[in-house]
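Student: Just dropping this structure here.
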Amino acid sequence: MAIYPGAVATDSDLFIASNNTETNLTSALGVGETTIPVNDTTDFPSVGFITIDGEAMSYTGKTALTFTGVTRGADGTTAATHLITALVIQSVIAAHHNVLKEEIKALEIDVVKLDFGGTIGLASLIIGAGLVAPQGTLHILTSEASGPTPTTSADDLVIENATNVGLTLMGATQAEINFGDAASANVGGINYLHSANRITFRAAGTNSVFITGGPGLMVGGSGTLSTGMIAHFQKSSASLPTFSGSLQNGLLLENAGNVSLILGTGNSDVARVIFARTNNEEPASLSYNHAGGAGAGALNFTIEGTSALNLAASQAKFADGTDALPSISFINDVNTGMRRAGADNLRLISGGSLGIDLFATGINFHSPGGGGSVTVQSGKFTPIGDNVVSCGIAADRWSDVRSVLINGADYGFENGYILREYPCTADDVQTKSIEWMKANANQGIQVLNDLGEKICVIGRDGTVYAKQFKTLIELPA
């Protein structure tokens, strides 16, 4: 019975032959002797057959002067006695031929046809050493990887090595691997074109993915990557211009119609776009939180670790900002805008200085130039800090104000002062209608003494125009 494919046949299994190899017995030999004494065993194989007077004997070992492990009457011969000095020879007997015959027949079962001048038709073949039974139709083995058996759908060619393994295709102009089916011999494939330094992947008979040595990746289209792009996805040509400078080195999605970029996650996860730089993995990001809790269902813009803008379905939320840098400002005027100064406190900033504070309970008007300021709360004007004015209660008209406090001093009617809407004259007060006064005398209050001399003018923003506060001037029309 053949050793293959259960194991690999050894020299002991197949025997070794040598020419003109002989010796002589050094003592007579009985029928049952299993150690054969001779003059010299040097030229004999370590295992094999010897013949004495026509009796074949197999041996499994030898010393310098004996053959050991001898089986008498081997290969169909009969054990007999032999005289001292009988000739002992190493000869090729029928067993040599029959063992080789069985091994060859076992190989022919696996190798149906092997014709290196034309076609190689294989049931299975292993090239290399280490495994006996091939793990595929063609199994190229460098050394055993001791891995799992290849799947039956991908075992036509198996390349195996205990360390790295590779397949190299070399051609002067291009190298190609084709995938065929019943309808086409190259419905799919991988091609490398040396002149373009480009790998092309083909599916359904159409080149669809291109990788260039730029580096660059193109999916769809003709394989002409838009200049300077890292990746270019094209469904159809939109006749785009050539991109240059900072518009290069990016991702381009192209279609003659609509085009979209979609980030999809589960219902409890976050979709995120991260903008990174050297040694900073997330200086800025754009994320959408699907999960419940704070920020749920919201688009969030984060810059330098701080949430700058959060957009929900019906609300936009900004960072608080500062007076120097309001959270809502302008590209050409970054220190003018609006910010949150505290709980229920909206602040309008101009030039980095406080202008107006809006509270749930009232409004503070501040003069950035250092003049007086007022607060309005339920129709009342009350002082704020130094150089301020309080105008009592204002109803439909500024002339309804009865008392004015400037830095604690009362310039009201009770102390002999005249309070009159500005701009207007004494004649206006006597002759003009209330409607006229509301429409025209609405810039503030002028305070006059009992001689009709103007002491100061108080603007609607609370600024006090007087010598001790600002140069006494007329308010602008």
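The values are calculated or read from the model by the stated rules, or taken from the named source; none is laboratory data. Note that the coordinates shown come from a computational prediction; the quantities given were computed from them, not determined experimentally. Glycine gets a Cβ as well: all are built from the backbone with ideal geometry, and neighbour counts include every protein chain shown.
Student: Check off (1) without any contact (Cβ under 8 Å) to a residue 24 or more places away in the chain; (2) not in a loop (DSSP other than H, G, I, E, B) for TYR288 and give me the number that stays unchecked.
Tutor: Every condition holds for TYR288 apart from (1).
Student: Filter region 125-151 for residues that are under 36 Å from the mean Cα position of the chain (by Cα) and of a type in the set (Ser, Thr, Tyr); which is modelled with the highest pLDDT?
Tutor: Looking at the filtered set, the residue picked out is THR151.
Student: Has region 237-260 got any residue that is touching a Lys or Arg at 6+ places or on another chain (Cβ under 9 Å), within 19 Å of GLY216 (Cα to Cα), among the hydrophobic types (A, V, I, L, M, F, W, C) and not assigned by TED's automatic domain parsing to the domain that holds ILE211?
Tutor: Filtering region 237-260 down to residues touching a Lys or Arg at 6+ places or on another chain (Cβ under 9 Å) leaves 253-257, 259.
Right, trim to within 19 Å of GLY216 (Cα to Cα) and you get 253-255.
If we keep only those that are among the hydrophobic types (A, V, I, L, M, F, W, C) too, we end up with 253.
The next check asks that each one be not assigned by TED's automatic domain parsing to the domain that holds ILE211; those that pass are 253.
The answer is yes, given that some residue of region 237-260 is touching a Lys or Arg at 6+ places or on another chain (Cβ under 9 Å), within 19 Å of GLY216 (Cα to Cα), among the hydrophobic types (A, V, I, L, M, F, W, C) and not assigned by TED's automatic domain parsing to the domain that holds ILE211.
Student: Can you say whether PHE413 is surrounded by fewer than 16 Cβ atoms within 10 Å (Cβ to Cβ), assigned by TED's automatic domain parsing to the domain that holds CYS424 and at pLDDT 60 or above, as far as the supplied structure shows?
Tutor: When the stated conditions are applied, PHE413 passes them.
One line per residue, one yes/no per condition, for (1) under 25 Å from HIS97 (Cβ atoms); (2) among the hydroxyl-bearing types (Ser, Thr, Tyr); (3) in the same structural domain as PRO134 (by TED's automatic domain parsing):
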position: ASN24; (1), (2), (3): no, no, no
position: ALA28; (1), (2), (3): no, no, no
position: GLU33; (1), (2), (3): no, no, no
position: THR41; (1), (2), (3): yes, yes, no
position: PHE44; (1), (2), (3): yes, no, no
position: MET57; (1), (2), (3): yes, no, no
position: THR77; (1), (2), (3): yes, yes, no
position: ALA80; (1), (2), (3): yes, no, no
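Student: Of ALA341, ALA313, ALA276, which residue is in a strand (DSSP E or B) and either under 21 Å from ILE262 (Cα atoms) or not hydrophobic (A, V, I, L, M, F, W, C) (or both)? Don't jump to the end; show me each part of the working.
Tutor: Values: ALA341 fails: either under 21 Å from ILE262 (Cα atoms) or not hydrophobic (A, V, I, L, M, F, W, C) (or both); ALA313 fails: in a strand (DSSP E or B).
After applying the criteria, what remains is ALA276.
Student: Which one of these is exposed (fewer than 15 other Cβ atoms within 10 Å of the Cβ) and either modelled with pLDDT of 90 or more or more than 23 Å from SER268 (Cβ to Cβ) (or both): ALA319, ALA341, ALA324, ALA313? Full working, then the answer.
Tutor: Details: ALA319 fails: exposed (fewer than 15 other Cβ atoms within 10 Å of the Cβ); ALA341 fails: exposed (fewer than 15 other Cβ atoms within 10 Å of the Cβ); ALA313 fails: either modelled with pLDDT of 90 or more or more than 23 Å from SER268 (Cβ to Cβ) (or both).
Answer to the check: ALA324.
Student: Going by the structure shown, is ASN19 more than 60 Å from the chain's Cα centre (by Cα), in the same structural domain as ALA94 (by TED's automatic domain parsing), part of a strand (DSSP E or B) and surrounded by fewer than 17 Cβ atoms within 10 Å (Cβ to Cβ)? Steps first, answer last, please.
Tutor: Details: more than 60 Å from the chain's Cα centre (by Cα): yes; in the same structural domain as ALA94 (by TED's automatic domain parsing): yes; part of a strand (DSSP E or B): no; surrounded by fewer than 17 Cβ atoms within 10 Å (Cβ to Cβ): yes.
No; evaluated as a whole, the condition is false for this residue.
Student: Return the residue satisfying two criteria in turn: it lies in region 56-112 and is touching a Pro at 6+ places or on another chain (Cβ under 8 Å) and part of a loop (DSSP other than H, G, I, E, B), and of such residues it is modelled with the highest pLDDT.
Tutor: First, pick out the residues of region 56-112 that are touching a Pro at 6+ places or on another chain (Cβ under 8 Å): 65-66, 90, 106, 110.
Still in the list and also part of a loop (DSSP other than H, G, I, E, B): 65, 90.
Working: LEU65: 97, GLN90: 91.
Among residues in region 56-112 that are touching a Pro at 6+ places or on another chain (Cβ under 8 Å) and part of a loop (DSSP other than H, G, I, E, B), the one modelled with the highest pLDDT is LEU65.
Student: Please find, within region 163-193, the residue that is farthest from the chain's Cα centre (by Cα) out of those that are over 26 Å from HIS139 (Cα atoms) and surrounded by fewer than 10 Cβ atoms within 10 Å (Cβ to Cβ).
Tutor: So the residue we want is ALA183.
Student: Given the criterion at pLDDT 80 or above, over 30 Å from GLY6 (Cα atoms) and acidic (Asp, Glu), identify the matching residue among ASP181, ASP156.
Tutor: Numbers: ASP156 fails: over 30 Å from GLY6 (Cα atoms).
Testing whether each residue is at pLDDT 80 or above, over 30 Å from GLY6 (Cα atoms) and acidic (Asp, Glu) leaves just ASP181.
Student: Looking at (1) of a type in the set (S, T, N, Q); (2) in contact (Cβ under 8 Å) with a residue 12 or more places away in the chain; (3) surrounded by fewer than 17 Cβ atoms within 10 Å (Cβ to Cβ); (4) within 17 Å of ALA9 (Cβ to Cβ), can you tell me which one ASN98 breaks?
Tutor: (2)
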